[in-house]
1. Of all the accessible heavy-atom surface of the range 75-142, with the other protein chains kept in place and a 1.4 Å probe, what percent is carbon and sulfur?
2. Does anyone have the angle between helix 93-104 and the longest principal axis of the chain? Alpha-carbon axes, 0 to 90°, nearest 10?
3. Compute the long axis of helix 140-155 from its Cα atoms, compare it with the longest principal axis of the Cα atoms of the chain, and write down the angle in degrees, 0 to 90, nearest 10.
4. When only Cα pairs under 8 Å and 6 or more residues apart are kept, what is the percent relative contact order across the chain?
5. Which of rounded, prolate or oblate describes the range 35-166 when judged by the alpha-carbon gyration tensor and an a/c cut-off of 1.5?
6. Taking LYS9 as the anchor, which lysines have their alpha carbon closer than 17 Å to its alpha carbon, excluding any fewer than eight residues away along the same chain?
7. So which lysines pass the test for LYS203, namely a Cα distance under 19 Å, with those fewer than 8 places away in the same chain ruled out?
8. Within the range 132-167, report the trypsin sites (Lys or Arg not before Pro) that DSSP leaves as loop and that have at most 11 other Cβ atoms within 10 Å.
Amino acid sequence: MSQQLVAIKKRIKSVSGAYKVTSAMKLVSTVKLRRWKDKMLNNKAYSLELSSICDEIFSFCEDMESPYVVENVKATKDLYIIVSSTLGLCGSYNQNVFKVADKIISTNDDLIIIGNKGLSHFGNFTSKLDTVEYSSNIDPDLIKALTEYLLNSYAKGEYRKVHIIYSRYKNSLSFIPEDFILLPLAKESKTSNAIPPILEPSKEKLFNDLIDIYLKSIVHAKLLEAEVCEQAARSNAMENATKNAEDLLGTLKLEFNKARQAAITEEIVEIVAGSTEV
């Protein structure tokens, strides 16, 4: 019986250590989630307004020749940006993204992989852009390099389409992996009754100046949204782990008390039996 008590004590000590770790990580991830969520909401107003202005302008440029508004039909492959996490302990966040990507990516396509988990999963692909050297997924230098590569390679006709596969934030418990097409631009043409605005100095100049800003804004918004989803997934995973540790501790303490009571009862019986024999 004493061996059983020692074994239960060891398990209680082990689970208590895990409980302290998951509780601390839950607190850290919750603080990070709140911080990144505030950044996403603050950026959302800007990105939506910019997208609205650019969509309005682009819709009146339908007769303009630009490589960014048509699909490169002569190209033989697509480019996919895969947004994953670098750290673990975030539940099924990465697996949901990989599940979507694995269904649509062919061996002929090119990838730009963000996050070490994506690099490990897509080990048979070579990332077209080294993203490991940047400090974070929201690094301005990374977004600049990423946008420049997308615009240059698409203008050369290397890819049919450019996709970004990321996690779209719905709420702190629900985030949906999504395949979003960055290029060619999806623009709605205005009806013939719409009065076109005066575009100065010219619509070609305005379009070429805006396309870089527009694409940077979209990429930044998608990466920021994916970061919020990652932190939310990690917070949920640590909360579930903490709850499981609490439940397990309660079960182990109950087993320990039962075993100790049984040991005490056994000792009392032995003492009574010994005194009776005397």
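1. 48 percent
2. 50 degrees
3. That helix lies at roughly 50 degrees to the long axis.
4. RCO, the chain: 33 percent.
5. oblate
6. LYS20, LYS253, LYS258
7. Filter leaves LYS187, LYS190.
8. For trypsin sites (Lys or Arg not before Pro) across the range 132-167 that sit outside H, G, I, E and B with at most 11 neighbouring Cβ atoms in 10 Å, the list reads LYS156.
The values are calculated or read from the model by the stated rules, or taken from the named source; none is laboratory data. What you see is a predicted model, and the numbers here were worked out from it, not measured in a lab. Here Cβ is always computed from backbone atoms with ideal geometry, including for glycine, and neighbour counts include all displayed protein chains. Keep in mind that these areas ignore ligands, DNA and RNA; they rest on the heavy atoms of the full protein, side chains included. Shrake-Rupley method; radii C 1.70, N 1.55, O 1.52, S 1.80 Å.
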